[in-house]
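A.B. asks: What follows is a structure written as C-alpha coordinates; I'll ask about it next.
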Amino acid sequence: MNTILRVAIQKKGRLSDDSIALFKECGIKFSDARKGRLKAEATNFPMEFLFLRDDDIPGYVEDGVADLGIVGENEMAEQNKDVSVIRKLGFSKCRLSLALPRGTEYNGVKDFEGKSIATSYPHILGTYLKENGVTAEIQEISGSVEIAPSIGLADGICDLVSSGSTLLMNGLQEVESIFKSEAVLIGPQKLDDAKQAIVDQLLFRMKAVTTANNNKYILLNAPNEKLDEIIGLLPGMRSPTVLPLAQEGWSSVHSVIQEDDFWVVIDKLGAAGAEGILVVPIEKMIV
Ligand code: PRT
Ligand code: ZN
(Lines give C-alpha, C1' and ligand atoms only; values in the text may rest on other atoms or scores of the structure.)
(Ligands and ions follow the chains in the order given, each with its own letter.)
Protein backbone atom coordinates (compact mmCIF):
# COMPACT_ATOMS: atom_id res chain seq x y z
CA MET A 1 0.00 0.00 0.00
CA ASN A 2 1.25 3.46 -0.80
CA THR A 3 2.30 5.53 2.17
CA ILE A 4 0.25 8.63 2.83
CA LEU A 5 1.20 11.31 5.32
CA ARG A 6 -1.66 12.51 7.47
CA VAL A 7 -1.56 16.16 8.50
CA ALA A 8 -3.83 17.73 11.13
CA ILE A 9 -4.71 21.38 10.65
CA GLN A 10 -7.16 23.68 12.38
CA LYS A 11 -10.65 23.46 10.90
CA LYS A 12 -11.71 27.03 11.60
CA GLY A 13 -9.83 29.76 13.42
CA ARG A 14 -6.76 31.91 13.42
CA LEU A 15 -4.44 29.17 12.10
CA SER A 16 -6.62 27.78 9.30
CA ASP A 17 -6.16 30.17 6.38
CA ASP A 18 -2.38 30.46 6.70
CA SER A 19 -2.00 26.69 7.19
CA ILE A 20 -3.96 25.98 4.01
CA ALA A 21 -2.14 28.73 2.09
CA LEU A 22 1.21 27.23 3.10
CA PHE A 23 0.40 23.79 1.66
CA LYS A 24 -1.04 25.38 -1.49
CA GLU A 25 2.13 27.47 -1.95
CA CYS A 26 4.05 24.20 -1.68
CA GLY A 27 2.12 23.07 -4.76
CA ILE A 28 -0.03 20.56 -2.87
CA LYS A 29 -3.55 20.45 -4.29
CA PHE A 30 -6.51 19.44 -2.16
CA SER A 31 -10.11 20.43 -1.97
CA ASP A 32 -10.31 23.07 0.67
CA ALA A 33 -13.78 21.85 1.53
CA ARG A 34 -13.45 22.31 5.25
CA LYS A 35 -17.11 23.11 5.55
CA GLY A 36 -18.54 20.07 7.18
CA ARG A 37 -15.72 17.83 6.05
CA LEU A 38 -13.20 16.32 8.37
CA LYS A 39 -10.79 14.95 5.78
CA ALA A 40 -9.38 15.85 2.38
CA GLU A 41 -6.89 13.96 0.26
CA ALA A 42 -4.26 15.74 -1.82
CA THR A 43 -4.51 14.96 -5.52
CA ASN A 44 -0.84 15.39 -6.43
CA PHE A 45 1.11 14.57 -3.25
CA PRO A 46 0.93 11.59 -0.85
CA MET A 47 -0.82 13.53 1.87
CA GLU A 48 -4.22 13.81 3.47
CA PHE A 49 -5.55 16.47 5.79
CA LEU A 50 -7.61 16.21 8.94
CA PHE A 51 -9.50 19.38 9.88
CA LEU A 52 -9.72 19.57 13.67
CA ARG A 53 -9.93 21.89 16.66
CA ASP A 54 -6.43 23.08 17.48
CA ASP A 55 -6.75 21.71 21.05
CA ASP A 56 -6.94 18.16 19.66
CA ILE A 57 -3.93 18.39 17.37
CA PRO A 58 -0.99 17.76 19.76
CA GLY A 59 -2.75 14.67 21.18
CA TYR A 60 -3.55 13.28 17.74
CA VAL A 61 0.08 13.67 16.71
CA GLU A 62 1.32 12.07 19.94
CA ASP A 63 -1.05 9.11 19.46
CA GLY A 64 -0.03 8.72 15.81
CA VAL A 65 -3.55 9.40 14.51
CA ALA A 66 -1.91 12.24 12.57
CA ASP A 67 1.73 12.24 11.41
CA LEU A 68 2.12 16.02 11.42
CA GLY A 69 0.13 18.95 12.73
CA ILE A 70 0.09 22.72 12.78
CA VAL A 71 -0.55 24.44 16.13
CA GLY A 72 0.51 27.52 18.04
CA GLU A 73 3.54 27.01 20.27
CA ASN A 74 1.31 28.10 23.16
CA GLU A 75 -1.00 25.11 22.62
CA MET A 76 1.93 22.74 22.29
CA ALA A 77 3.64 24.02 25.45
CA GLU A 78 0.40 24.01 27.44
CA GLN A 79 -0.45 20.42 26.57
CA ASN A 80 3.13 19.25 27.08
CA LYS A 81 2.62 16.19 24.86
CA ASP A 82 5.44 14.05 23.53
CA VAL A 83 5.76 15.83 20.17
CA SER A 84 8.51 17.97 18.70
CA VAL A 85 8.69 21.13 16.62
CA ILE A 86 9.79 20.34 13.07
CA ARG A 87 9.65 23.86 11.72
CA LYS A 88 8.58 27.30 12.86
CA LEU A 89 6.12 28.75 10.37
CA GLY A 90 6.21 32.49 11.06
CA PHE A 91 2.45 33.15 11.19
CA SER A 92 -0.14 33.57 13.98
CA LYS A 93 2.44 35.31 16.14
CA CYS A 94 1.29 36.30 19.61
CA ARG A 95 2.44 36.34 23.21
CA LEU A 96 1.04 35.03 26.48
CA SER A 97 0.97 37.91 28.92
CA LEU A 98 0.02 38.77 32.46
CA ALA A 99 -2.32 41.73 32.73
CA LEU A 100 -3.82 43.75 35.57
CA PRO A 101 -6.60 46.33 35.76
CA ARG A 102 -5.34 49.61 34.33
CA GLY A 103 -3.92 51.89 36.99
CA THR A 104 -2.80 49.05 39.29
CA GLU A 105 0.67 49.78 40.61
CA TYR A 106 3.12 47.20 39.31
CA ASN A 107 6.75 46.72 40.26
CA GLY A 108 7.50 43.22 39.04
CA VAL A 109 6.23 39.66 38.98
CA LYS A 110 6.51 39.37 42.80
CA ASP A 111 3.43 41.62 42.94
CA PHE A 112 1.38 38.57 41.92
CA GLU A 113 2.25 36.87 45.24
CA GLY A 114 -1.02 35.77 46.91
CA LYS A 115 -3.12 37.07 44.03
CA SER A 116 -5.55 35.12 41.82
CA ILE A 117 -4.97 34.91 38.06
CA ALA A 118 -7.52 33.72 35.50
CA THR A 119 -6.14 31.86 32.48
CA SER A 120 -6.66 29.09 29.94
CA TYR A 121 -2.94 28.31 30.22
CA PRO A 122 -2.50 26.91 33.75
CA HIS A 123 0.52 24.79 32.84
CA ILE A 124 2.60 27.55 31.20
CA LEU A 125 1.57 30.04 33.88
CA GLY A 126 2.23 27.60 36.74
CA THR A 127 5.72 26.88 35.40
CA TYR A 128 6.45 30.58 35.01
CA LEU A 129 5.28 31.44 38.54
CA LYS A 130 7.29 28.58 40.00
CA GLU A 131 10.44 29.67 38.16
CA ASN A 132 9.94 33.14 39.58
CA GLY A 133 9.24 31.93 43.11
CA VAL A 134 5.72 33.37 43.16
CA THR A 135 2.76 31.63 44.77
CA ALA A 136 -0.54 32.70 43.24
CA GLU A 137 -3.92 31.09 42.78
CA ILE A 138 -4.54 30.00 39.19
CA GLN A 139 -8.20 30.15 38.14
CA GLU A 140 -8.53 27.98 35.06
CA ILE A 141 -11.24 29.22 32.67
CA SER A 142 -11.71 28.28 29.06
CA GLY A 143 -12.86 31.50 27.42
CA SER A 144 -13.47 35.24 27.87
CA VAL A 145 -10.57 35.38 30.30
CA GLU A 146 -10.32 39.15 29.90
CA ILE A 147 -13.56 39.82 31.77
CA ALA A 148 -12.47 37.92 34.91
CA PRO A 149 -11.13 40.93 36.87
CA SER A 150 -14.16 43.12 36.16
CA ILE A 151 -16.58 40.45 37.44
CA GLY A 152 -14.46 39.84 40.54
CA LEU A 153 -13.32 36.35 39.53
CA ALA A 154 -9.62 37.13 39.67
CA ASP A 155 -7.16 39.94 40.36
CA GLY A 156 -5.40 39.59 37.03
CA ILE A 157 -5.30 37.48 33.90
CA CYS A 158 -2.83 35.59 31.77
CA ASP A 159 -3.95 35.44 28.15
CA LEU A 160 -2.80 35.63 24.55
CA VAL A 161 -2.20 39.09 23.15
CA SER A 162 -1.48 40.17 19.61
CA SER A 163 -2.54 43.77 18.94
CA GLY A 164 -3.36 44.48 22.59
CA SER A 165 -6.79 45.92 21.76
CA THR A 166 -8.74 43.27 23.73
CA LEU A 167 -6.83 44.20 26.89
CA LEU A 168 -7.40 47.87 26.21
CA MET A 169 -11.12 47.41 25.64
CA ASN A 170 -11.41 45.54 28.93
CA GLY A 171 -9.56 48.11 31.00
CA LEU A 172 -6.47 45.96 31.46
CA GLN A 173 -2.75 46.70 31.13
CA GLU A 174 -0.15 44.18 30.01
CA VAL A 175 2.52 43.95 32.69
CA GLU A 176 4.58 40.89 31.77
CA SER A 177 5.02 38.86 28.60
CA ILE A 178 5.75 35.30 29.70
CA PHE A 179 5.77 33.23 26.47
CA LYS A 180 6.21 34.06 22.78
CA SER A 181 4.35 31.98 20.23
CA GLU A 182 3.97 31.40 16.51
CA ALA A 183 2.50 28.59 14.42
CA VAL A 184 4.71 25.50 14.26
CA LEU A 185 4.74 22.27 12.32
CA ILE A 186 4.85 19.45 14.86
CA GLY A 187 5.53 15.76 14.55
CA PRO A 188 6.32 12.70 16.68
CA GLN A 189 9.87 12.07 17.87
CA LYS A 190 10.24 9.48 15.10
CA LEU A 191 8.43 8.51 11.90
CA ASP A 192 9.02 5.42 9.79
CA ASP A 193 11.38 5.82 6.81
CA ALA A 194 8.65 6.00 4.16
CA LYS A 195 6.80 8.76 6.01
CA GLN A 196 10.01 10.60 6.84
CA ALA A 197 10.86 10.66 3.11
CA ILE A 198 7.57 12.47 2.43
CA VAL A 199 8.21 14.89 5.30
CA ASP A 200 11.65 15.65 3.81
CA GLN A 201 10.06 16.46 0.44
CA LEU A 202 7.53 18.69 2.16
CA LEU A 203 10.24 20.50 4.14
CA PHE A 204 12.25 21.06 0.97
CA ARG A 205 9.22 22.76 -0.56
CA MET A 206 8.46 24.77 2.57
CA LYS A 207 12.03 26.03 2.65
CA ALA A 208 11.83 27.07 -1.00
CA VAL A 209 8.60 28.97 -0.32
CA THR A 210 9.96 30.72 2.81
CA THR A 211 13.22 31.64 1.10
CA ALA A 212 11.30 33.01 -1.87
CA ASN A 213 9.03 35.05 0.41
CA ASN A 214 12.06 36.55 2.14
CA ASN A 215 13.72 37.54 -1.12
CA LYS A 216 12.89 39.78 -4.07
CA TYR A 217 14.13 39.82 -7.64
CA ILE A 218 15.58 43.21 -8.51
CA LEU A 219 16.25 44.64 -11.98
CA LEU A 220 17.82 48.01 -12.69
CA ASN A 221 19.62 49.98 -15.34
CA ALA A 222 23.08 51.37 -14.66
CA PRO A 223 25.69 53.38 -16.53
CA ASN A 224 28.65 51.07 -17.24
CA GLU A 225 31.14 53.20 -15.34
CA LYS A 226 29.03 52.73 -12.17
CA LEU A 227 28.60 48.95 -12.51
CA ASP A 228 31.28 47.96 -9.99
CA GLU A 229 29.84 50.19 -7.31
CA ILE A 230 26.28 48.99 -7.95
CA ILE A 231 27.26 45.31 -8.08
CA GLY A 232 29.01 45.83 -4.74
CA LEU A 233 25.65 46.78 -3.26
CA LEU A 234 23.92 43.67 -4.67
CA PRO A 235 25.47 40.41 -3.55
CA GLY A 236 22.92 38.21 -5.37
CA MET A 237 22.75 34.43 -5.11
CA ARG A 238 26.15 33.99 -6.74
CA SER A 239 26.78 37.30 -8.45
CA PRO A 240 24.40 39.62 -10.33
CA THR A 241 23.60 39.07 -14.01
CA VAL A 242 24.73 41.99 -16.17
CA LEU A 243 23.29 42.40 -19.69
CA PRO A 244 24.07 45.19 -22.17
CA LEU A 245 21.23 47.60 -22.97
CA ALA A 246 20.49 48.71 -26.53
CA GLN A 247 21.65 52.15 -25.46
CA GLU A 248 25.45 52.38 -25.63
CA GLY A 249 27.21 52.67 -22.24
CA TRP A 250 24.33 51.22 -20.16
CA SER A 251 23.63 47.80 -18.71
CA SER A 252 20.75 46.00 -17.08
CA VAL A 253 21.60 44.39 -13.73
CA HIS A 254 19.52 41.52 -12.30
CA SER A 255 19.90 40.15 -8.82
CA VAL A 256 18.16 38.75 -5.77
CA ILE A 257 17.92 40.81 -2.62
CA GLN A 258 16.66 40.03 0.86
CA GLU A 259 13.44 41.81 1.66
CA ASP A 260 14.93 43.16 4.90
CA ASP A 261 17.96 44.64 3.08
CA PHE A 262 15.96 46.22 0.32
CA TRP A 263 15.03 49.53 1.97
CA VAL A 264 18.58 49.97 3.20
CA VAL A 265 20.11 49.41 -0.22
CA ILE A 266 17.57 51.27 -2.35
CA ASP A 267 18.84 54.79 -1.51
CA LYS A 268 22.42 53.74 -2.08
CA LEU A 269 21.51 52.30 -5.49
CA GLY A 270 19.87 55.56 -6.53
CA ALA A 271 22.83 57.58 -5.28
CA ALA A 272 25.16 55.31 -7.24
CA GLY A 273 23.30 56.12 -10.49
CA ALA A 274 20.90 53.18 -10.83
CA GLU A 275 17.69 53.94 -12.74
CA GLY A 276 14.44 52.19 -13.56
CA ILE A 277 14.63 49.94 -10.49
CA LEU A 278 12.05 47.12 -10.53
CA VAL A 279 11.47 44.80 -7.58
CA VAL A 280 9.37 41.70 -8.20
CA PRO A 281 8.26 38.81 -5.99
CA ILE A 282 9.84 35.38 -6.34
CA GLU A 283 7.53 32.39 -6.21
CA LYS A 284 9.99 29.63 -5.33
CA MET A 285 13.70 29.80 -4.61
CA ILE A 286 16.08 26.85 -4.28
CA VAL A 287 19.47 27.75 -2.88
O1 PRT B 1 -11.90 26.22 17.66
P2 PRT B 1 -10.47 26.01 17.99
O3 PRT B 1 -10.26 25.38 19.35
O4 PRT B 1 -9.76 25.29 16.88
O5 PRT B 1 -9.80 27.47 18.03
P6 PRT B 1 -9.42 28.42 19.24
O7 PRT B 1 -10.57 29.35 19.48
O8 PRT B 1 -8.89 27.64 20.39
O9 PRT B 1 -8.16 29.17 18.68
P10 PRT B 1 -8.00 30.47 17.76
O11 PRT B 1 -8.36 30.17 16.37
O12 PRT B 1 -8.60 31.67 18.42
O13 PRT B 1 -6.41 30.63 17.90
C14 PRT B 1 -5.55 29.65 17.41
C15 PRT B 1 -4.12 30.06 17.71
O16 PRT B 1 -3.86 31.34 17.11
C17 PRT B 1 -3.77 30.29 19.17
O18 PRT B 1 -3.52 29.09 19.86
C19 PRT B 1 -2.53 31.15 19.05
O20 PRT B 1 -1.39 30.34 18.82
C21 PRT B 1 -2.78 31.97 17.79
N22 PRT B 1 -3.14 33.38 18.07
C23 PRT B 1 -2.50 34.45 17.53
C24 PRT B 1 -4.11 33.85 18.86
C25 PRT B 1 -4.04 35.24 18.81
N26 PRT B 1 -3.05 35.58 17.97
C27 PRT B 1 -5.00 36.02 19.56
N28 PRT B 1 -4.93 37.25 19.51
N29 PRT B 1 -5.05 33.23 19.61
C30 PRT B 1 -5.96 33.96 20.30
N31 PRT B 1 -5.96 35.33 20.31
C32 PRT B 1 -7.04 35.98 21.13
C33 PRT B 1 -6.68 36.14 22.60
O34 PRT B 1 -7.03 34.98 23.32
C35 PRT B 1 -7.52 37.35 23.02
O36 PRT B 1 -8.85 36.97 23.28
O37 PRT B 1 -7.31 37.27 20.66
C38 PRT B 1 -7.51 38.18 21.74
C39 PRT B 1 -6.39 39.17 21.84
O40 PRT B 1 -6.10 39.72 20.59
P41 PRT B 1 -5.66 41.25 20.47
O42 PRT B 1 -5.29 41.44 19.04
O43 PRT B 1 -6.85 42.07 20.86
O44 PRT B 1 -4.48 41.47 21.41
ZN1 ZN C 1 -8.70 25.76 20.63
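A.B. asks: Pull up the stretch 82-141, narrow it to residues that are more than 14 Å from ligand 1 (Cβ to nearest atom), among the basic types (K, R) and touching a residue at least 24 places away in the same chain (Cβ under 8 Å), then point me to the one that is surrounded by the most Cβ atoms within 10 Å (Cβ to Cβ).
C.D. replies: R87
A.B. asks: Of the residues that make up the stretch 1-12, is at least one away from ligand 1 (no atom under 15 Å from the Cβ), of a type in the set (A, V, I, L, M, F, W, C) and in contact with a helix residue (DSSP H, G or I) (Cβ under 7 Å, 6 or more places away or on another chain)?
C.D. replies: Yes.
A.B. asks: How many residues are closer than 20 Å to K207 by Cβ, away from ligand 2 (no atom under 16 Å from the Cβ) and out of contact with any Pro (no Cβ under 8 Å at 6 or more places or on another chain) if we restrict to the stretch 1-28?
C.D. replies: Of the residues in that region, 10 qualify.
A.B. asks: Provide a single number: the residues in the stretch 246-286 that are closer than 30 Å to L203 by Cα and either more than 24 Å from the chain's Cα centre (by Cα) or not in a helix (DSSP H, G or I) (or both).
C.D. replies: From the stretch 246-286, those closer than 30 Å to L203 by Cα are 254-263, 279-286; that's our starting set.
Narrowing further to those that are either more than 24 Å from the chain's Cα centre (by Cα) or not in a helix (DSSP H, G or I) (or both): 254-258, 279-286.
Residues flagged as closer than 30 Å to L203 by Cα and either more than 24 Å from the chain's Cα centre (by Cα) or not in a helix (DSSP H, G or I) (or both) within the stretch 246-286 amount to 13.
A.B. asks: Do we find that L68 is in contact with a Lys or Arg (Cβ under 9 Å, 6 or more places away or on another chain) and closer than 14 Å to V184 by Cα in this structure?
C.D. replies: Yes; evaluated as a whole, the condition is true for this residue.
Residue-by-condition table, conditions (1) within 16 Å of ligand 2 (Cβ to nearest atom); (2) under 25 Å from G114 (Cα atoms); (3) at pLDDT 95 or above; (4) surrounded by fewer than 18 Cβ atoms within 10 Å (Cβ to Cβ):
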site	(1), (2), (3), (4)
P149	no, yes, yes, no
G152	no, yes, yes, yes
G171	no, yes, yes, yes
N213	no, no, no, yes
K216	no, no, no, no
E225	no, no, yes, yes
L233	no, no, no, no
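A.B. asks: Looking at D63 and the list (1) away from ligand 2 (no atom under 16 Å from the Cβ); (2) in contact (Cβ under 8 Å) with a residue 60 or more places away in the chain; (3) on the phi < 0 side of the Ramachandran plot, which single condition is not satisfied?
C.D. replies: If we test D63 against (1) away from ligand 2 (no atom under 16 Å from the Cβ); (2) in contact (Cβ under 8 Å) with a residue 60 or more places away in the chain; (3) on the phi < 0 side of the Ramachandran plot, just (2) comes out false.
A.B. asks: Oh, and also: Taking the stretch 36-64 as the search range and keeping residues that are more than 16 Å from ligand 1 (Cβ to nearest atom) and surrounded by 16 or more Cβ atoms within 10 Å (Cβ to Cβ), which one is farthest from V209 (Cα to Cα)?
C.D. replies: E62
A.B. asks: The conditions are (1) touching a residue at least 24 places away in the same chain (Cβ under 8 Å); (2) surrounded by 18 or more Cβ atoms within 10 Å (Cβ to Cβ); (3) farther than 30 Å from P46 by Cβ, and P240 fails exactly one of them. Which is it?
C.D. replies: In the conditions (1) touching a residue at least 24 places away in the same chain (Cβ under 8 Å); (2) surrounded by 18 or more Cβ atoms within 10 Å (Cβ to Cβ); (3) farther than 30 Å from P46 by Cβ, P240 misses (1) alone.
A.B. asks: Give the residue that is nearest to ligand 1 (Cβ to nearest atom), with candidates limited to residues of the stretch 22-35 that are at pLDDT 95 or above and closer than 21 Å to V61 by Cβ.
C.D. replies: The extreme case among them is L22.
A.B. asks: Hey, any hits in the stretch 143-163 for a residue that's in a helix (DSSP H, G or I) and more than 16 Å from ligand 1 (Cβ to nearest atom)? Step through it out loud before you land on a result.
C.D. replies: Residues of the stretch 143-163 that are in a helix (DSSP H, G or I), as a first pass: 145-147.
Then keep just the ones that are more than 16 Å from ligand 1 (Cβ to nearest atom); that gives none.
So far as the stretch 143-163 goes, no, none of its residues is in a helix (DSSP H, G or I) and more than 16 Å from ligand 1 (Cβ to nearest atom).
A.B. asks: Another question about this same structure. Taking the conditions exactly as written (within 16 Å of ligand 2 (Cβ to nearest atom) and not assigned by TED's automatic domain parsing to the domain that holds D17), does V145 satisfy them or not?
C.D. replies: Here the answer is yes, as V145 does meet what is asked.
The values are calculated or read from the model by the stated rules, or taken from the named source; none is laboratory data. Quick caveat, the model's predicted, so the values are computed rather than measured. Note that we place each Cβ from the backbone using ideal geometry, even for glycine, and neighbour counts take in every protein chain shown.
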